[in-house]
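Colleague: Okay, handing you the structure first.
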Amino acid sequence: MRRIIVLLGLSFAFIGSTFAQDQAALAPPKVLLIVRENLKPGKAGTTHEKSESAFVNAFKAAKWPQHYLAVDAQSGNPRSLFLIGYDSFAALEKDVKATQKNTVLSAALDRATAADGELLSSYEVSHFLYREDQSFHANLSLAPMRYFEITRFHVRPGHDSDWDAIVKLYLENFPKAVPDAHWAVFQEYYGQGGNVYLVFNPMKSLSEVDSGLGDNKKFAEVMGADGMKRLAELEASAVDDVQTNIFTFNPHESYPSPEWIKADPAFWNPKP
């Protein structure tokens, strides 16, 4: 994708992205590229959507095989995340080289990048690796989903074993309390945040937040007082920062696969 080329060649410019390639590929990608665009005041909403539509139209015109998902923050500073999944870093490189050879697409993306940059206050780029061993029921379709609850954990250097112990406690006990729970964990491989883990919880509706308010209480009951004390000690030792935010899927800024559009055309193929 040209935005990746711009990213690699021009001091980390702007990039579009996706979480899963298509509806059939239910497993999270092995390599997840995330770009965070922090927006200037007053530049979110339809203003940013119009800018991002130039990228979407360019990929549509080229019938590009790599699709991407955009999500907008509903908490914290105004920002958009662009998520793109690959089977490997070699697959990412193949996509970049293919875009370099497509001069029409490259030119269109250059113009879109210049215009979109006027709306941004900053941006960040990171590469993450999927941690299947730390995830639970993560193989599901994102086509009917509308939100991500994303929790970011920063683990102190030298406390990886404590983090592993925390994850083990959750995997062994949370499913007992909430059997239908699901989450996907990604560990930062390249980026600016150091030892960072992201936990993605996809949701069809924010009503799932309401129904999940009692899940921690159920979890505590399963863990027992001693178990919760042990968990609190591990978290205090290993985690120096944790943030949880809600992000809304934005079909106007995404370039979804034909399978996603077929699953819900009214949402994934909206009118401009």
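Any read-out appearing in this document is the output of simple, stated calculations on the displayed coordinates, not a laboratory observation. Since we're looking at a predicted model, the values are computed, not measured. Backbone-built Cβ (ideal geometry, glycine too); neighbour counts: all protein chains shown.
Colleague: Across segment 74-96, what is the total count of residues that are over 19 Å from A27 (Cα atoms) and either of a type in the set (K, R) or within 11 Å of the chain's Cα centre (by Cα) (or both)?
Modeller: Number satisfying all stated conditions: 4.
Colleague: Which of the residues belonging to segment 169-193 are in a helix (DSSP H, G or I) and touching a helix residue (DSSP H, G or I) at 6+ places or on another chain (Cβ under 9 Å)?
Modeller: Result: L169, Y170, L171, N173, F174, K176, A177.
Colleague: Restrict the check to segment 230-253 and report whether at least one residue is under 27 Å from L142 (Cβ atoms) and in a helix (DSSP H, G or I).
Modeller: No, there is no match, as no residue in segment 230-253 is under 27 Å from L142 (Cβ atoms) and in a helix (DSSP H, G or I).
Colleague: Could you list, in sequence order, all residues of segment 97-120 that are part of a helix (DSSP H, G or I) and among the charged types (D, E, K, R)?
Modeller: Within segment 97-120, K97, K101, D110, R111, D116 qualify.
Colleague: Assuming L213 fulfils every condition listed in (1) out of contact with any strand residue (DSSP E or B) (no Cβ under 6 Å at 6 or more places or on another chain); (2) farther than 17 Å from S135 by Cβ; (3) touching a residue at least 40 places away in the same chain (Cβ under 8 Å) apart from one, which condition is it?
Modeller: Of (1) out of contact with any strand residue (DSSP E or B) (no Cβ under 6 Å at 6 or more places or on another chain); (2) farther than 17 Å from S135 by Cβ; (3) touching a residue at least 40 places away in the same chain (Cβ under 8 Å), only one is false for L213: (3).
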